[in-house]
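Below you'll find the structure, written out as structure tokens, and then a few comments.
Read the figures in this text as sums done on the coordinates, not as results from a lab. Because the structure is predicted, anything quoted here is derived from the model rather than measured. Note: ideal-geometry Cβ built from the backbone for every residue, glycine included; neighbour counts use all protein chains shown.
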Amino acid sequence: MAPDRSERSRTVANDTGDGDAGDQRYTPGRDSVRRQDTISTSIDPESPELCRDDSGKSRPGVYDVIVVGGGVAGLSASIFTARHGLATLVIERGGPPSGEGVAGDESGSILRRNAHLENFPGFPAGVDARLLIEMIEDQTDRAGTDRRQAEVHRVGDTDDGFAVETSAGRFSAEYVIAATKNETGYLENIEGVGIVSRGKAFVDTDERGRTGVAGLYAAGRLAEKPHQAIVAAGHGAEVAVTLLEDHEEPFYHDWVAPDGYFTDRGRELPPGCEEIGDEKRRTREADGRETLGSYIAEPHLGEPLTHPSLREE
Ligand SMILES: Cc1cc2nc3c(=O)[nH]c(=O)nc-3n(C[C@H](O)[C@H](O)[C@H](O)COP(=O)(O)OP(=O)(O)OC[C@H]3O[C@@H](n4cnc5c(N)ncnc54)[C@H](O)[C@@H]3O)c2cc1C
């Protein structure tokens with residue numbers, strides 16, 4: 001089980017005692033970062049076009065963070081924002097990356113075209129790329145992310161953040177992370193987003209994934225990162241941590257440390273850090289083994305998709 005959001009420490013401290021985060025390199029976004037009260041919502045099971053807030057009230061889909069694109073970078077980013085407790089929605093236009101996928105369906109992460117993924121750390125003999133995407137989806141679901149299958153048509157700037165128009169309705173959020181590889185059309189209406197054209201389209205960002213518009217970030221290949229899955233995953237994580245630092249948490253960590261690692265030394269828990277004792281550690285490890293085992297017990301049924309130009313009509 002993923003740690004309960006409420007269990008996670010939100011203590012703000014600039015000195016972790018490890019010497020890596022106590023320096024003063026933190027710089028806020030290019031512009032002043034917008035803030036609004038954090039609203040926790042999840043998709044209303046009875047009316048999927050609506051969300052339910054903490055009090056159980058239905059309301060239009062309002063999130064803290066909307067991630068456009070549920071590929072490697074987008075899913076990775078959503079794990080971090082959701083684990084911190086920000087209401088996070090991933091909007092992905094593609095279908096399921098598993099054997100249930102429609103044959104010839106070219107949508108979804110481009111990693112679905114991979115034949116066998118051999119350079120993603122943690123899998124000594126490689127892993128089925130479709131299985132990996134499924135596992136990352138499960139990981140972000142456990143962190144509390146909502147995911148929705150829809151095409152994003154337009155992202156617009158509003159007083160409170162952003163309005164995201166999709167084939168499944170309109171959503172809004174304080175922050176948007178764009179992670180759509182080379183798709184930029186939905187960003188055309190926002191003044192201040194730099195689009196770089198080098199054969200394919202990319203979004204101009206600073207070294208942490210911030211675009212020229214406060215609250216709007218780009219991650220993965222879309223931010224001109226090298227074309228490897230681990231790079232996209234790593235950059236998605238970096239962009240999410242940047243967003244969290246811009247939001248309220250300088251030197252954000254997202255670490256799980258052994259009981260007393262900080263506190264026995266009289267240190268406050270750094271932002272995003274949690275200390276757990278032996279019992280919790282064993283429970284989580286057992287859950288990790290069982291979960292992983294269920295994924296790898298049988299061969300994955302998904303087939304790699306070839307290049308669209310080679311597919312039969
Ligand atoms: C044949 C092939 C083999 C590969 N093999 C390897 C390999 O062995 N090792 C390796 O490291 N990398 C490999 N890659 C590269 C790897 O797949 C990419 O670098 C990585 O997937 C990029 O991640 P990303 O999140 O930036 O983009 P993606 O994973 O492509 O995610 C982008 C997502 O955005 C969604 N999207 C786009 N527009 C919209 C919209 N308007 N609304 C909603 N959703 C939208 C897409 O459906 C997609 O799911 C391979 C790629 C190919 C083509």
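The table below gives the values:
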{"read-out": "Neighbourhood charge, 13 Å Cβ-Cβ cut-off, centred on residue 221 and excluding it, Lys, Arg +1 and Asp, Glu -1", "value": "+2"}
{"read-out": "Residue exposure sequence - 162, 80 - by fewest surrounding Cβ within 10 Å", "value": "162, 80"}
{"read-out": "Net charge of neighbours whose Cβ lies under 12 Å from the Cβ of residue 156, counting Lys and Arg as +1 and Asp and Glu as -1", "value": "-4"}
{"read-out": "Burial ranking of peptide ranges 293-304, 207-218, 178-189, 111-122 (average Cβ count within 10 Å, highest at the top)", "value": "207-218, 178-189, 111-122, 293-304"}
{"read-out": "Total charge dipole magnitude, the range 212-303, about the Cα centre, Cβ charges on Lys, Arg, Asp, Glu only, Debye to nearest 20", "value": "240"}
{"read-out": "Residue 123-residue 168 FRET efficiency (beta carbon distance; Förster radius 35 Å; 0.05 resolution)", "value": "0.55"}
{"read-out": "Karplus-derived HN-Hα couplings along the range 76-93 (A = 6.51, B = -1.76, C = 1.60, θ = phi - 60°), whole Hz, x at Gly and Pro", "value": "4, 4, 5, 4, 6, 5, 5, 4, 6, x, 7, 5, 10, 10, 9, 10, 10, 7"}
{"read-out": "FRET efficiency, residue 265 to residue 309 (Cβ-Cβ, R0 35 Å, nearest 0.05)", "value": "0.05"}
{"read-out": "For residue 224, distant residues with modelled amide H under 5 Å away", "value": "203"}
